[in-house]
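The values are calculated or read from the model by the stated rules, or taken from the named source; none is laboratory data. Because the structure is predicted, anything quoted here is derived from the model rather than measured.
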Amino acid sequence: MKLGARLRSSWATLLILAVLLVVAGIQVRNPASYLSELVSRVGEGTGPAATVHYLSNVDQRQAQFDSDRGHPRLVLLLSPT
């Protein structure tokens, strides 16, 4: 391979890497981008562990549901039939 072809190839590689870095930098600074969301979530670390509550009546469920106001909640109703 000639020296000129090798230089063109390395310059093309450097140009592509520079463009990718610029695009990534723009995306990180954009608060609505997926990359920005990923960076912010990685920085948060892990959250508290989820717990399973076994409830025997509706009043217990309502009290637990109301105590978690402002937090995401998942209610699963499982039936053996």
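Here are the numbers:
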{"item": "Residues of segment 50-81 classified as part of a loop (DSSP other than H, G, I, E, B) and small (Gly, Ala, Ser), total", "result": "4"}
{"item": "Meets criteria (among the basic types (Lys, Arg) and at pLDDT 75 or above) for ARG8", "result": "no"}
{"item": "Identity of the residue in segment 24-58, among the small types (Gly, Ala, Ser), over 15 Å from the mean Cα position of the chain (by Cα) and at pLDDT below 75, that ends up nearest to HIS71 (Cα to Cα)", "result": "ALA50"}
